[in-house]
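To keep things clear, I will list the structure first and then write my remarks on it.
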Amino acid sequence: MGAELTELGYLVLLKIHKRNVVVLTMLCSNVSLAPLENNNVNDSACRTVSVGFPITMMVTGLVGNSLALILVYVSYRRKENRRKKSFLLCIGSLALTDLFGQLMTSPIVISVYRAGRKWENIDTDGCLCSFFGVCMTTFGLCALFLASAMAIERAMAITNPHWYSNHMKTSVTKQILGVMFLLVLLFALLPIAGVGEYQKQWPGTWCFISTGDSKVPGNTVFAVTFAALGIFSLLVTLSCNSGASQSSKQWERLTTETVIQLMGIMCVLLICWSPLLVLMLKMIYNQMSSHECGLSSTANTSRTLDCNFFLTAIRLASLNQILDPWVYLLLREILLRKFCIVANAVSNCSTEDQKGTQTP
């Protein structure tokens, strides 16, 4: 099964590469593929990860996001969910974003692992590295902004229900989502226009925004802007979800499920993205990039720890695409209701047992 998925992902990747020759040629304009000479310490930390890890992540993400999209579509078609249509559009867009993020990046990572973690074996001209960096930036920021959009939408629905009913139409939501995705895509394409740079990152299995090369025009500004936008979206999500607790009786039944789902998504976002965004700001301040991890012949303990932590941080950010749909799937009303029934039954049983022991 793993081999079939790997071959299928590789064939899809080749088709995308052939159909987008012109686009990929443009992507080659500003990308760095500095060779990574494996350090013994760093290389030993990478040997424990096999190709099964990215394959498992891809399959889990595809299954979760596909199920979430199906359930969102079914809920969106129901007439009783008219007041939740904007929220469902946002959660469906989030699942679609995570799904495409998995489809665009996972086959590339799997191919690199199969090539012995040597990126240059599958990307001789650097086009694929830049494509990978654009995908990481676009789908990462879109996921963060969509969570903020859902939090703002629910906050308006709870605190200003009358204004929300009169002005927040599904057509407006679609326009906002479309403009947001377009702006994020344009931002991610800035390195192609010469502002910033996408660079192969340690241990050579992925590409992302360069954080240590200040000689590239606009590179520091581009990297700082990405981190700042991500942290800003997390703060907006946190503040809006905090204000969503003040719900009126009219909207209490309607918003209970969505608020719980938002709180779950917010917790996942904070856990998955905070380490990467904060570490990016630290690396920018210190003029350090993860591609330097394999270039030093001497083992620097603090630098090795930073490199390992940066790799862990990017893996956490990648897990966000997998966990988001499962949060929505597991925190749905029907499952929450069953959980409450089981919890009440267990609580009643324990109470009766205490009364039985006290009566004798």
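If I take R0 = 56 Å and measure r between the Cβ atoms of residue 162 and residue 281 in this structure, what FRET efficiency does the formula 1/(1 + (r/R0)^6) give, to the nearest 0.05?
Numbers: r = 41 Å, r/R0 = 0.74.
Taking R0 as 56 Å, the efficiency between residue 162 and residue 281 is 0.85.
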Over all directions, the average projected area of the alpha-carbon convex hull for the stretch 92-167 comes to how many nm²? 6.1 nm²
Work out, step by step, the length gained on full extension between residue 122 and residue 267: first 0.36 nm times the residue separation, then minus their alpha carbon distance; give nm to one decimal. 48.5 nm
Calculate the spin-label point distance for residue 232 paired with residue 175, positioning each point 7 Å from the Cα along the beta-carbon direction, and give it in nanometres. 2.2 nm
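Can you check how the C-alpha radius of gyration of the stretch 117-203 compares to 2.2 N^0.38 Å, as a plain ratio? Provide the component values of the computation, followed by the final result.
Numbers: Rg = 18.4 Å, N = 87, 2.2 N^0.38 = 12.0 Å.
Dividing the Cα radius of gyration by 2.2 N^0.38 Å gives 1.54.
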Once phi for every residue in the stretch 148-157 is put through the Karplus expression 6.51 cos²θ - 1.76 cosθ + 1.60 (θ = phi - 60°), the whole-Hz ³J(HN,Hα) values, with Gly and Pro written as x, are 5, 4, 5, 5, 5, 4, 5, 5, 5, 5
Accessible heavy-atom area order of 78, 154, 117, highest first, probe of 1.4 Å: 78, 117, 154
Backbone HN-Hα couplings from phi across the stretch 187-193 [Karplus 6.51/-1.76/1.60, Hz, Gly and Pro as x]: 5, 5, 8, 4, x, 5, 8
Distant-in-sequence amide H partners of residue 207 (H built 1.01 Å from N, under 5 Å): 201
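Once R0 is set to 30 Å, what does the formula 1/(1 + (r/R0)^6) return for the Cβ-Cβ distance between residue 260 and residue 70, expressed as a FRET efficiency to the nearest 0.05?
On the way: r = 21 Å, r/R0 = 0.68.
Plugging the Cβ-Cβ distance into 1/(1 + (r/R0)^6) gives 0.90.
Starting from the residue with the highest accessible area, list 162, 167 in decreasing order, probe 1.4 Å.
Numbers: 162 140, 167 100 Å².
Putting 162, 167 in descending order of accessible area: 162, 167.
Probe radius 1.4 Å, ligands and nucleic acids ignored: give me the carbon and sulfur share of the accessible area of the stretch 137-197 as a rounded percent. Show your work: numbers first, answer last.
Details: 1880 of 2610 Å².
After summing per-atom areas, the C and S share lands at 72 percent.
The values are calculated or read from the model by the stated rules, or taken from the named source; none is laboratory data. The structure presented is a predicted model; accordingly, all values stated were derived computationally and were not measured. Don't worry about glycine lacking a Cβ; one is built from the backbone with ideal geometry, like all the others, and counts go over all protein chains shown. Calculation scope for accessible area: heavy atoms of the full protein, side chains included, ligands and nucleic acids excluded. Shrake-Rupley method; radii C 1.70, N 1.55, O 1.52, S 1.80 Å.
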